There are 4 protein chains.
Amino acid sequence: MTEITPAVPVTWPGGARCAVAFTFDVDAESPLLSTDPSLADRMGVMSHQAYGPLVGVPRLLDILDGLQVPATFFVPGYTAHRHPGAVRAVADGGHDIAHHGYLHESLVGVDERTERDYLERGLEALESLTGRRPSGYRAPMWEMNWRTPGLLHEYGFLYDSTLMDADHPYELAVGTDGRSLVELPVSWALDDWQQYCFVPGFSGTGLIETPAKAIELWEAELDAMRACGGLWILTNHPFLSGRPGRAAALRDFIARVREHDDVWIAGLDEIARHVRAQGLAPRSLTRPRPAAEDHA
Amino acid sequence: MTEITPAVPVTWPGGARCAVAFTFDVDAESPLLSTDPSLADRMGVMSHQAYGPLVGVPRLLDILDGLQVPATFFVPGYTAHRHPGAVRAVADGGHDIAHHGYLHESLVGVDERTERDYLERGLEALESLTGRRPSGYRAPMWEMNWRTPGLLHEYGFLYDSTLMDADHPYELAVGTDGRSLVELPVSWALDDWQQYCFVPGFSGTGLIETPAKAIELWEAELDAMRACGGLWILTNHPFLSGRPGRAAALRDFIARVREHDDVWIAGLDEIARHVRAQGLAPRSLTRPRPAAEDHA
Amino acid sequence: MTEITPAVPVTWPGGARCAVAFTFDVDAESPLLSTDPSLADRMGVMSHQAYGPLVGVPRLLDILDGLQVPATFFVPGYTAHRHPGAVRAVADGGHDIAHHGYLHESLVGVDERTERDYLERGLEALESLTGRRPSGYRAPMWEMNWRTPGLLHEYGFLYDSTLMDADHPYELAVGTDGRSLVELPVSWALDDWQQYCFVPGFSGTGLIETPAKAIELWEAELDAMRACGGLWILTNHPFLSGRPGRAAALRDFIARVREHDDVWIAGLDEIARHVRAQGLAPRSLTRPRPAAEDHA
Amino acid sequence: MTEITPAVPVTWPGGARCAVAFTFDVDAESPLLSTDPSLADRMGVMSHQAYGPLVGVPRLLDILDGLQVPATFFVPGYTAHRHPGAVRAVADGGHDIAHHGYLHESLVGVDERTERDYLERGLEALESLTGRRPSGYRAPMWEMNWRTPGLLHEYGFLYDSTLMDADHPYELAVGTDGRSLVELPVSWALDDWQQYCFVPGFSGTGLIETPAKAIELWEAELDAMRACGGLWILTNHPFLSGRPGRAAALRDFIARVREHDDVWIAGLDEIARHVRAQGLAPRSLTRPRPAAEDHA
């Protein structure tokens, strides 16, 4: 098989050593409804998820505005339909709004028609609300199939932020004819879900960490990424990190990040455009094949 | 669909910036028995749960009395039947006693007749023991169905403390004719169960945190809530937080909270009456519908 | 139903405020073999469990000897058969050896004949190895059925250390004619299993805490128990706490405990004899009955 | 049955009190593919695993090179086929490369022909890439059956690093005629998987610890092992500990270990040769038999 090569470092604007993006997945009710529609019958858990757009988003927008930091919000189409005010407020704040499925649907094992439907419904929901077509995509649950990048390219997306095989952004080859998608890679360690999420019967075992612990984890990775010159992307969920104590700790952390003069903070759309402008050679990722084939 | 609007801040008595309530769910054996009646055959786990009313409640009452802090105790009817002495001691201490089901039954998927039976049996158990009809309710496992608020209103409850979509209390609309219930929202982060509970074969994975960690989490949320002006409700379980080390740490924490001159500490009954007196416009929450309907 | 009354404080020797016991459950392979005999085919996990008697026990005995602290070791009969040298060393060290089932069998749902067989085989294994009949018992997994205390009394045990409904030791009524068993209660928070144990496919999710965290938890409970005047029992497993770093931290902790002049450290046999000499009135515990019966 | 005897201390070169080995399991995609081949369809999780050879291995090799510390890399044959560049870089760095299955296959319940096939395919993959036959083996998931040691000896391996019943290395008897394999024992506490790994639908519950916590745990065990005179083996996975913040913390930790003048740091191959040269009497481990047989 063809060997996969590592992503290579890129240069950042203004002599910054590394790039930083704060991203927010405004999932609200959608991950639960796509996993099990009967969860809609549970008023308690629905209210837990609604906290995100109702309380978390305005609070986080205030924080970003106060610190003058641009961010990217990944918004399932369903969230735009059910909570249009929150999504409009994000758009009014000038932040990047990107695609995150219609109902936060899993892309594992779906057929192409279904996957296109998720893409189209999500696009329609965001465009009709904000008047702008999103340039970015993130797969629900950070999981896509091998067909997904090709579809994203076909639907005109500039970037995806789902994969985990690099510290640096790269051009992800789509097919073999030079087409590509800017990939802005993420990491499970830089996600508030693992630190805070508990939804009985849906997610989590009951572990709920302190904001101080979560941020210690994220800051350790950031400090090391500054030395590596890569792209550090944090992912928070307003239904989790919008809670008062967590939001306050995040605000203080973002303020500290701003103080670093070697860091470029930007929305993922701007970062993707910067990467695209560098004209990187696309990387080809290949699906692992059964062992019998692979060493033939 | 109709957009849900966020709850809005209320004013607090005496110029306090935020309100604080310490609440205790005196579950004892009931959550286990309603989940699986055969757990009654396990003498060990029954003794673990009985620690709550037998040891935890008296210890916690002493602490509250020593600090002159009023609290709310949510008591399943079964606890009142099996451990009447503990529940009488709570009443004698002047604390708010509220409804928490009869046997801590799940309200997910039950029919109306069954749900009414839970409400009626719980009311009967508390009234016959304390001579007072409770004004408050909290759904077992913080989970209700969409019918529940209407029933609570019909049975004369003033407040519920189950939902999670706000930092501020609000009037929860019941039907469309202006009736409402005071909702005093909670949060998974402000619950000792996730920090301490381990009952093999019933709950928990084995994670047991230190009291210092639990209280660091709660205090971080309180400090931020003081800035937000909301209502901060802590939920402890006497079978967990009644253990000596946890109770001592909780006592020291409550003592620190009392020192804040911007905080109003009260039972939920008193807080609910204060909220009711403000004449807030009721908020309507709506059940999410299948995606196909929602963007029609 | 008859109300259960709380255990009451006892006085301790020499004016001590509280009693402390360090206990060790020498489970080795037995919990795995009784859960699933095919686990014997896994050489790796068997070696993990064998670490307890082979390495942990000698190391812990050295620590106890160096600090001149008596302890209680709960030994399944199977451990005595498979690792007789380790068990003889415990006996030679002058420590209390107590019953812990034959193969660490669950007592949930077993019939009386089976339960008697476990008791008899465990007794036979310990007596034939040490020449002494154990006076104490602890149910595997800290779980017994309602028949167990009667059987323990019949087989001549003085004490049990399994239940969790008190901070103080008590006489547990067996039947209604005044017979009783000394109960020395335990707590999930005072057990190293939840802090350290990971055996893939058998126990644990992967969480492994630092010794510092485990001991912070235990010490917080001890400090509070000193104020409560109760009995503080720590339970460690040699296959876990016998590892070098954990044993070193435990050693330092025991040394600190010894410095408290208000604490009486003893084996559970000695503590049980002290309790028995106080002539306490037996407490009756009753099995919870279905709700329908209970409020009749 | 025959009693198992504990491993005994060995002497270390140059008067060192204990031996230290840093080991890396370059699992990449293999554990997922052997557990469920359909996981290959998930591009996200495949990219998560590929981070190990693509980014983690080069970064860790740089760290080892900078500190001039030799290490051992356990490499499934499939990793050598799919990521030959990473494996060649390990070999070029002069590190010990050892066998870790072909596709990280479980050895539980497999028949002999299958197990031989795993061994042969793994050997072929490593030899054809590096030109050297590995002298060491580690069973995938640290789990082998009772046939495995005999096969390892037959295939010419000098050492295995899978079992957990000792702090000291030992000669593991293979059969009854004096043949043996050097065993270099490990511990679940000295593995980054439990601290960092989260792969939804495959491993972990969501717990992700900070590098500081992981290293506090490892360092506590090391400090105590120095006093015990044993062999301390740390196991890291490049797809986990190769992330920037974790790698930086590991680098600082290795640097501290190097400062200890009582510690001998070496690859497991060198340690195994040192152990072999001591001419230790082989230890016999025996499979536990059903209880009925064992006390016959």
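Taken together, the criteria exclude residue C:209 from residues that are under 18 Å from the mean Cα position of the chain (by Cα), among the charged types (D, E, K, R), more than 8 Å from chain B (Cβ to nearest Cβ) and not in a helix (DSSP H, G or I). Criterion first (under 30 Å from residue C:213 (Cβ atoms), touching a residue at least 12 places away in the same chain (Cβ under 8 Å) and touching a Gly at 6+ places or on another chain (Cβ under 7 Å)) does residue D:163 satisfy it? Here the answer is yes, as residue D:163 does meet what is asked. Given the conditions (1) in contact (Cβ under 8 Å) with a residue 60 or more places away in the chain; (2) within 9 Å of chain B (Cβ to nearest Cβ); (3) farther than 18 Å from residue B:4 by Cα, report the number of the one that residue A:72 does not fulfil. Here residue A:72 meets the rest and fails (2). Within the range B:254-268, the residues that satisfy the criterion of being touching an Asp or Glu at 6+ places or on another chain (Cβ under 8 Å) and crowded, with 20+ Cβ neighbours inside 10 Å are B:267, B:268. Here the condition is being more than 12 Å from chain B (Cβ to nearest Cβ), at pLDDT 95 or above and surrounded by 20 or more Cβ atoms within 10 Å (Cβ to Cβ); of C:184, C:217, C:222, C:163, it holds for C:184 alone.
Among the residues of the range D:47-79, those that are crowded, with 24+ Cβ neighbours inside 10 Å and closer than 19 Å to residue D:137 by Cα comprise D:71, D:72, D:73, D:74, D:75, D:76, D:77, D:78, D:79.
Residue under question is residue A:281, and the condition is that it be assigned to a loop (DSSP other than H, G, I, E, B), farther than 22 Å from residue B:223 by Cβ and more than 14 Å from chain D (Cβ to nearest Cβ); does it hold? Yes: the conditions hold for residue A:281. Out of all the residues in the range B:181-204, is one or more of a type in the set (D, E, K, R) and more than 20 Å from the chain's Cα centre (by Cα)? Scanning the range B:181-204 turns up no residue that is of a type in the set (D, E, K, R) and more than 20 Å from the chain's Cα centre (by Cα). Entry remark, the range C:225-242: residues being outside any strand (DSSP E or B) and within 14 Å of chain B (Cβ to nearest Cβ) number 8 in total. Of the listed requirements (1) small (Gly, Ala, Ser); (2) free of Cβ contacts under 8 Å to residues at least 40 places away in the same chain; (3) part of a loop (DSSP other than H, G, I, E, B), residue A:214 misses just one: (3). Note on the range A:1-52: residues that are small (Gly, Ala, Ser), over 25 Å from residue A:253 (Cβ atoms) and more than 14 Å from chain B (Cβ to nearest Cβ) amount to 1.
Among the criteria (1) over 30 Å from residue D:243 (Cα atoms); (2) without any contact (Cβ under 8 Å) to a residue 60 or more places away in the chain; (3) part of a loop (DSSP other than H, G, I, E, B), the one residue D:168 does not fulfil is (2).
Note on the range B:243-274: residues that are closer than 19 Å to residue B:65 by Cβ and aromatic (Phe, Trp, Tyr) amount to 1. Among the residues making up the range A:248-260, those that are free of Cβ contacts under 8 Å to residues at least 40 places away in the same chain and either within 13 Å of chain D (Cβ to nearest Cβ) or within 30 Å of residue B:229 (Cβ to Cβ) (or both) are A:248, A:249, A:252, A:253, A:256, A:259. Pairs linking a residue in the range D:101-118 that is free of Cβ contacts under 8 Å to residues at least 60 places away in the same chain to a residue that is part of a loop (DSSP other than H, G, I, E, B) and among the polar types (S, T, N, Q), with Cβ atoms under 6 Å and 6 or more positions apart or on different chains, are D:107/D:145.
If you go through the range A:78-104 and keep only what is in contact with a Phe, Trp or Tyr (Cβ under 6 Å, 6 or more places away or on another chain), closer than 22 Å to residue A:182 by Cα and within 11 Å of another protein chain (Cβ to nearest Cβ), you end up with A:101, A:102.
Residues checked against (1) of a type in the set (Val, Ile, Thr); (2) touching a Ser or Thr at 6+ places or on another chain (Cβ under 9 Å):
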residue	(1), (2)
B:175	no, no
B:181	no, no
B:206	no, yes
B:210	yes, no
B:220	no, yes
B:228	no, no
B:234	no, yes
B:238	no, no
B:241	no, no
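Against the test of being under 15 Å from the mean Cα position of the chain (by Cα) and surrounded by 20 or more Cβ atoms within 10 Å (Cβ to Cβ), the options D:20, D:87 yield a single qualifying residue, D:20. Looking only at residues that are of a type in the set (A, V, I, L, M) and part of a strand (DSSP E or B) in the range A:253-276, which one is nearest to the chain's Cα centre (by Cα)? Only one residue tops the list, namely A:265. Scanning the range D:187-206 for residues that are part of a loop (DSSP other than H, G, I, E, B) and hydroxyl-bearing (Ser, Thr, Tyr), we see that the one that is modelled with the highest pLDDT is D:187. The number of residues in the range D:166-181 being within 14 Å of chain C (Cβ to nearest Cβ) and over 23 Å from residue D:22 (Cβ atoms) comes to 2. When the range D:283-296 is filtered for residues that are modelled with pLDDT of 95 or more and buried (at least 17 other Cβ atoms within 10 Å of the Cβ), the ones remaining, listed by number, are D:283, D:285, D:288. The selection criterion, being buried (at least 19 other Cβ atoms within 10 Å of the Cβ), of a type in the set (D, E, K, R) and in contact with a strand residue (DSSP E or B) (Cβ under 8 Å, 6 or more places away or on another chain), holds for residue A:171. Can you say whether residue C:123 is part of a helix (DSSP H, G or I), within 18 Å of the chain's Cα centre (by Cα), at pLDDT 95 or above and hydrophobic (A, V, I, L, M, F, W, C), as far as the supplied structure shows? For residue C:123, the condition - part of a helix (DSSP H, G or I), within 18 Å of the chain's Cα centre (by Cα), at pLDDT 95 or above and hydrophobic (A, V, I, L, M, F, W, C) - is met. When the range A:136-160 is filtered for residues that are surrounded by fewer than 24 Cβ atoms within 10 Å (Cβ to Cβ), of a type in the set (Gly, Ala, Ser) and out of contact with any Lys or Arg (no Cβ under 8 Å at 6 or more places or on another chain), only A:150 remains. Counting residues in the range B:59-76 that are of a type in the set (Phe, Trp, Tyr), closer than 26 Å to residue B:19 by Cα and within 20 Å of the chain's Cα centre (by Cα) gives one or more. Kindly evaluate residue C:8 against the criterion of being surrounded by fewer than 23 Cβ atoms within 10 Å (Cβ to Cβ) and within 17 Å of the chain's Cα centre (by Cα). Against the criterion (surrounded by fewer than 23 Cβ atoms within 10 Å (Cβ to Cβ) and within 17 Å of the chain's Cα centre (by Cα)), residue C:8 does not qualify.
Surrounded by 19 or more Cβ atoms within 10 Å (Cβ to Cβ) and either touching a Pro at 6+ places or on another chain (Cβ under 9 Å) or facing another protein chain (nearest Cβ under 8 Å) (or both): does that describe residue B:245? When the stated conditions are applied, residue B:245 passes them.
The values are calculated or read from the model by the stated rules, or taken from the named source; none is laboratory data. Predicted model only: the values in this text are computed from it and were never measured. In this analysis, Cβ positions are derived from the backbone assuming ideal geometry, glycine residues included, and neighbour counts consider all displayed protein chains.
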